[in-house]
Amino acid sequence: MKAKAMFYEYTLLVPFNTPKASPKVVEALVEPGILTYAELSFPPGPHQLVHVAVVEGDFQIIPRNRESDVAADDYDVPTRPNYPLKRGHNLLKLKGWSPGTTYQHEIKIRLTVMPEEEADPLAIVRDFVSVLKRLLGV
């Protein structure tokens, strides 16, 4: 039976006036595979004062540039990170902060992880070629 896409939804509840140095963190343990889609859903009200980043280990996946973050108001921010998540490296940290705010905010984060062979059908061919090269000593 062929593996299918796995969908996840998390709620990041960011308390009011949360400093960037001490963000609210929600851990998202997902299946190994390829993170093919992520959506950060900002409700009306944050006025771009609530900031979010998605991190795996020391690497910031969303947004890719580490010095930045995602902030919006009444907007769903779709991304297609195409980021491989190997076993042992499949715990994502969803981080949020909100300096200067007076209310808590609830950000929904939706993730889609696809099996590697489904997200990248050529992966099987590359693996086969790699094994063949090792057997041939190339």
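The values are calculated or read from the model by the stated rules, or taken from the named source; none is laboratory data. Model, not experiment: these values are computed from the prediction. Cβ: placed from backbone, ideal geometry, glycine included. Neighbour counts: every protein chain shown.
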(request) Out of Leu40, Leu49, Leu85, Leu136, report the one residue that is crowded, with 16+ Cβ neighbours inside 10 Å and farther than 19 Å from Thr18 by Cβ. (result) Leu85
(request) Could you check Leu49 against (1) assigned to a loop (DSSP other than H, G, I, E, B); (2) hydrophobic (A, V, I, L, M, F, W, C); (3) without any contact (Cβ under 8 Å) to a residue 40 or more places away in the chain and say which number it fails? (result) (3)
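Of the residues Arg87, Arg66, which is at pLDDT below 95 and within 14 Å of the chain's Cα centre (by Cα)?
Matching residue, one of Arg87, Arg66: Arg66.
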(request) Please find, within the stretch 47-86, the residue that is farthest from Ala119 (Cα to Cα) out of those that are of a type in the set (S, T, N, Q) and in contact with a strand residue (DSSP E or B) (Cβ under 7 Å, 6 or more places away or on another chain). (result) Gln60
(request) Count, please, the residues in the stretch 49-66 that happen to be over 20 Å from Ile34 (Cβ atoms) and among the aliphatic types (A, V, I, L, M). (result) 3
(message) On the basis of being at pLDDT 95 or above and within 15 Å of the chain's Cα centre (by Cα), does Pro81 make the cut?
(response) yes
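Among the residues of the stretch 19-27, is there at least one that is among the hydroxyl-bearing types (Ser, Thr, Tyr) and within 19 Å of the chain's Cα centre (by Cα)?
Checking the stretch 19-27: not a single residue is among the hydroxyl-bearing types (Ser, Thr, Tyr) and within 19 Å of the chain's Cα centre (by Cα).
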